[in-house]
Amino acid sequence: MSYLNVKIDLTKKFIKSNLKDYQGRVNEVHDMIHNKSGAGSDFLGWVTLPTDIQSEMVRIQAAANKILQQSETLVVIGIGGSYLGAQAALDYLVNKEDQKMEVIFAGHQMSSGYLNRLVKYLENRDFSINVISKSGTTTEPAIAFRILKELIYQKYGEEAKNRIFVTTDAKRGALYSASVAEGYERFVIPDDVGGRFSVLSAVGLLPLAAAGYNIKEMVKGAEHAMVKYHQTDIEENEAYKYALVRYLLYKEGFKVETLAFYEYELFYLGEWWKQLYGESEGKGGKGLFPASINLTTDLHSMGQYMQDGPRFLIETVLSVNKVSKDIKIPFFENDNDNLNYLAGAKVSYVNKQAQKGTIEAHYAGGVPIMEIEIPELTEYSFGYLVYFFEKACAMSAYLLEVNPFDQPGVELYKSNMFRLLGKPTK
Ligand code: PA5
C-alpha cells in the first residue's frame, strides 16, 4: 500500500485504450524530465528541490523565528505561485491548531477596498512583511509593497528594515535591486524553479515556518514522494498513473477536470492545483480546463451540472482518510428536526457517506471519476501531495506535447495594461 493511492476503476469504461500500451511513452517522458531534454528543461529545479533546499533550511527557520519574535502578524505579498502554495498549506493545516502567528496575504489582487482595510488593520498591529516575486516586477505585489512599505517605515522608522524579508531572484529584478540598496534580508528563488513549482522553496517555507509549522516534515514528505515517483512503472508510480489517465480521458473528448474535495481545508489547495495545471497545460489550443468543487457546499450549486449537464467533465476526488478534528451529532429527546437517526454519529462519517453517494451518482450520470486518497492533513502529507501533483503535471503536459514551464499567454494582458497605464518603455 502506498502513502497516497490513486483509484482509477471508475474511469475505465470511458477509455478505449489500454493503459499498458502507453508505458513506453511514459518511459520516454520520464527520461525527458530526468535527462532535462524536453521543452522548458531549464525549469526542472523543482525535481530535486526537496534535497536541494536542505542547505537553506537553517536560515529560513532563523528568519521565521525572528519574524515570530518581533511581530503579531506577517503580511505575505505575492501573487500566483508566489502566494498560493503558502495559502494552501495554511488552510490545509488549520485544524492542527499549531499556528503561532497571523498570516495575511496582499498583492494577490488589486482591490483598493482590500488594501484600505489592510492598512487600517495594520496600523494597530505589530507586523513584518515577506514580499515574494521571482521576476521582482509584477505589478500587483509591487503596488501592495509600496503602500505597505510607506506604512511600515512610518510606524517603525529605520527599524522597518529588519521587518522586511524579500524572496526573489538571485541577481535580477527591481525587487532584488531594492533589497540590496535597502539591506533587507533576502531569500533566493532558484533560477530553475518556476513560480507555480516553488512552494517548497523559501517562497512557501518562510511564511509557513513563521506561522509555526514544521517545514522539515513538509520537505521530508516531498523527499519521500521524490524517491517514490522516480520509478517509471505506471502501476507503481501514482503520479504517472494519474497523469496518464487524465491525458487519455482528454483524448476521449473530456475537456474539464474538476478537483473535488469534501474537507473545507482543501479549498486553497484546489486554487494552487488550478494554477499548476492551468498555467502549465493550457497552451496551443490544448489542455484540460482545471476547475475545483468544494463539497458538499457545491452540491447545492454545481451538483445539478455535474450530474446532468454536458458530459465533458472528469471528477478527481481528493479524499482524506482521517480527519484531525471530529464532532458528534447530539441526541435530542424531542427530535423535532428528525435527526435522531444520526445521533451519536460523527460529522466526518456523514461527510464520507455524502462522498460515497455523490461518487456513485456522478458516475451513474456519465462522469469518469478518479480518487486520490491521502491519509491525513499534516505537514508531511502536504509536502508529499505537492510533489505528487508537480511530477504528474510535468508528465501530463509532456504527454500533451506542451512546454509545462512557460506561460506565454499571460503576457498579453500585461502589455495591454501597461499601454493603458502609460508605463514608460525603456
Ligand atoms: O507560475 C508562474 O510563474 C506565475 O504564475 C507566477 O508565480 C506569478 O505570475 C507571479 O510572478 P512573480 O513571482 O514573478 O511575481
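Every number in this text was worked out from the coordinates using simple rules, so none of it is lab data. Everything numeric in this text was worked out from a predicted model, so none of it was measured. Neighbour counts run over all protein chains shown; Cβ positions are idealised from the backbone, glycine included.
Tabulated results
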read-out	value
With Cα atoms, 0 to 90° folded angle of helix 57-70 axis to the chain main axis	70
Separation of alpha-carbon centers, region 16-52 and region 178-239, rounded to whole Å	19
Cut-off under 5 Å, modelled amide H: who pairs with I104 long-range	L74, V75, V76
Surface/4 of the Cα convex hull for region 228-387, nm²	11.3
Selection of GluC sites (Glu not before Pro), region 265-368, meeting DSSP coil and at most 12 other Cβ within 10 Å	E333
Region 259-328: projected area of the alpha-carbon convex hull, averaged over directions, in nm²	6.0
Share of alpha-carbon pairs per 10 Å distance bin for the chain, given as whole %	4, 21, 29, 25, 15, 5, 1, 0
Proximal charge balance of G85 [Cβ under 14 Å; K/R count +1, D/E count -1]	-2
3J(HN,Hα) from dihedral phi, region 207-217, Karplus parametrisation 6.51/-1.76/1.60, rounded to Hz, x for glycine, proline	x, 6, 5, 4, 5, x, 8, 8, 6, 5, 5
Principal-axis tilt of helix 267-281 within the chain, Cα atoms, nearest 10 degrees	90
Tensor-based shape of region 1-128 (alpha-carbon gyration tensor, a/c under 1.5 rounded, otherwise prolate or oblate)	prolate
Length gained when the stretch M417-V227 is fully extended (0.36 nm per residue, less Cα-Cα span)	64.0 nm
Size of electric dipole in the chain: Cβ of Lys, Arg +1 and of Asp, Glu -1, about Cα centre, debye, nearest 20	940
Computed E for S112/F312 - FRET, C-beta separation, R0 25 angstrom, nearest 0.05	0.10
Alpha carbon convex hull of region 111-166, projected area averaged over orientations, nm²	3.8
Amide H contacts under 5 Å for F289, placed H, 5+ residues apart	V256, E257
Sorted by Cβ neighbour density within 10 Å, fewest at the top, the residues L385, L205, L151	L151, L385, L205
Cα-based Rg / Dmax (Å) for region 86-210	14.4, 41
Selection from G24, F145, M57, by position along the positive dipole direction of the chain (Cβ)	F145
Entries in K16/K346; K134/K352; K16/K36; K216/K322; K7/K286; K36/K241 that, when Cα-Cα distance is taken, lie over 29 Å	K16/K346; K134/K352; K16/K36
Under the Karplus curve 6.51 cos²θ - 1.76 cosθ + 1.60, θ = phi - 60°, whole-Hz ³J(HN,Hα) for region 157-163, x wherever Gly or Pro sits	x, 5, 4, 4, 4, 7, 10
J(HN,Hα) series, region 296-303, from Karplus relation 6.51 cos²θ - 1.76 cosθ + 1.60, nearest Hz, glycine and proline x	7, 3, 6, 5, 8, 9, 9, x
CD proxy at 222 nm, helix term only [per DSSP H run n ≥ 4: -39500 (n - 2.57); per residue of the chain; nearest 500]	-14000 deg cm²/dmol
Environment charge at L205 (Cβ cut-off 12 Å; Lys +1, Arg +1, Asp -1, Glu -1)	-1
Region 308-341-region 126-145 distance, computed between alpha-carbon centres (Å)	40
Computed magnitude of the charge dipole of region 31-135 (debye, nearest 20; Cβ of K, R +1, Cβ of D, E -1)	220
Net dipole in debye of region 1-75 [+1 Lys, Arg Cβ; -1 Asp, Glu Cβ; about Cα centre; nearest 20]	400
Amide H within-cut-off set for A39, under 5 Å, with H built and near neighbours excluded	none
Global form of region 316-401, assessed from the alpha-carbon gyration tensor, a/c cut-off 1.5	oblate
Contour excess over end-to-end distance, with Cα ends at K171 and Q154 and 0.36 nm allotted per residue	3.2 nm
